[in-house]
Amino acid sequence: MQNEKLIELVAWIDEATKGLKLPGDRRARIASACFDVAIEHQAAIALLSRAKLFGSVYALLRVLFEAFVRGAWLFHCATDADLDRFQKGKLKKKFNELIEEAETKVGAKDSALSSIHGKAWSAMNSFTHTGFMQVLRRNSEEKTGPNYDPNEITLVQKLAGVLGVFTAFELAAVAGDDKLCRSVLEKHKTFLNAL
C-alpha cells in the first residue's frame, strides 16, 4: 500500500515539473541537474520497491539524499569559485558542511535535513556500501536472501517520498514558480496524511 502512494507521488512530481521553465544560468543549470537526478532516484526507488528489490532501494536512498542536498547547496550557497571547483570535480566539502550551510542560508538551521543526516546517515552508508546493516537484512536462519522488515521498508519509502517533495519544491523555487511551490507544499501534506 505504501509503495502505491509513493508511485502516485512520483507521477504527480513528474507531471508537475514537466516543461518547467528554468533559468539558463550556470548555477540554475547545475543545481537543476542535481534535482533531476534526485527525482530519478526517487522514481527508481518506487519501481524497485514494486519489484521487491529492496537491497537496491535501501542503497539508493543515500544517493537520493546526496543529490538533493548537493543541488540545494549549489543553488543557495555556492560561490562562482565553488561552481568552478564542482565542475572540475575538486569541491572538497564534507557532506555535513553542505547541509549546515544550506540550512543556514535558507533560514532553516537544524531542519529535517540535519535530522535525517543525524539519525540515518550511518545506516544509509552501510546500505549503500554493502556494510553490515545491508548484509544483516540478507540473512535469516533459513536462507540467504532478502529479509527486510516491512515497517522499515515503509519508512524508507516514506523518506524517499519526502525527499522527492523537497526536490520538487527546490526545482519550483529555481524556476521562480510560486504557484508550483504552494502546490508542492500541499502535496507534501497530502502525502504525509495518506501514510
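The values are calculated or read from the model by the stated rules, or taken from the named source; none is laboratory data. Everything numeric here is computed off the predicted structure, so don't read it as measured data. Quick reminder, even Gly has a Cβ in these numbers, built from the backbone with ideal geometry, and neighbours come from all protein chains shown.
The residue that is farthest from Arg29 (Cα to Cα), among those in region 78-98 that are charged (D, E, K, R) and part of a helix (DSSP H, G or I), is Glu97. Any residue at all in region 164-184 that's surrounded by 12 or more Cβ atoms within 10 Å (Cβ to Cβ), among the small types (Gly, Ala, Ser) and under 22 Å from Ala51 (Cα atoms)? Scanning region 164-184 turns up at least one residue that is surrounded by 12 or more Cβ atoms within 10 Å (Cβ to Cβ), among the small types (Gly, Ala, Ser) and under 22 Å from Ala51 (Cα atoms).
For the criterion of being surrounded by fewer than 18 Cβ atoms within 10 Å (Cβ to Cβ) and among the β-branched types (Val, Ile, Thr), Val69 fails.
Residues in region 128-149 that are of a type in the set (Lys, Arg) and either touching a residue at least 60 places away in the same chain (Cβ under 8 Å) or part of a helix (DSSP H, G or I) (or both): Arg137, Arg138.
Within region 1-22, residues that are closer than 22 Å to Asn193 by Cβ reach partners that are part of a loop (DSSP other than H, G, I, E, B) and of a type in the set (A, V, I, L, M) with beta carbons closer than 7 Å, at six or more positions or on different chains, in the pairs Gln2/Leu195; Lys5/Leu195. All told, Phe169 meets the bar of being at pLDDT 95 or above and either among the β-branched types (Val, Ile, Thr) or touching a helix residue (DSSP H, G or I) at 6+ places or on another chain (Cβ under 7 Å) (or both). For Lys119, are the conditions met, namely being among the charged types (D, E, K, R), in a helix (DSSP H, G or I) and closer than 20 Å to Ile39 by Cβ? Spelling it out, it is not the case that Lys119 is among the charged types (D, E, K, R), in a helix (DSSP H, G or I) and closer than 20 Å to Ile39 by Cβ. Here Leu83 fulfils each of the conditions (1) touching a Lys or Arg at 6+ places or on another chain (Cβ under 9 Å); (2) crowded, with 16+ Cβ neighbours inside 10 Å; (3) under 18 Å from Ser56 (Cβ atoms) apart from (3).
Taking the criterion of being surrounded by 14 or more Cβ atoms within 10 Å (Cβ to Cβ) and touching a residue at least 60 places away in the same chain (Cβ under 8 Å), would at least one residue in region 105-124 satisfy it? Checking region 105-124: at least one residue is surrounded by 14 or more Cβ atoms within 10 Å (Cβ to Cβ) and touching a residue at least 60 places away in the same chain (Cβ under 8 Å). Figure legend. Inter-residue proximity from region 173-195: first residues closer than 13 Å to Lys5 by Cβ, second residues small (Gly, Ala, Ser), beta-carbon distance below 6 Å, spacing 6+ or different chains. Indicated pairs: Phe191/Gly161.
So that you can scan it fast, the table gives a plain yes or no per residue for (1) more than 18 Å from Phe127 (Cα to Cα); (2) touching a residue at least 40 places away in the same chain (Cβ under 8 Å); (3) touching an Asp or Glu at 6+ places or on another chain (Cβ under 8 Å):
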| position | (1), (2), (3) |
| --- | --- |
| Ile39 | yes, yes, yes |
| Phe75 | yes, yes, yes |
| Asp82 | yes, no, no |
| Gln87 | yes, yes, no |
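Here are Leu64, Leu47, Leu6: which of them is out of contact with any strand residue (DSSP E or B) (no Cβ under 8 Å at 6 or more places or on another chain) and either outside any helix (DSSP H, G or I) or surrounded by fewer than 17 Cβ atoms within 10 Å (Cβ to Cβ) (or both)?
Leu47
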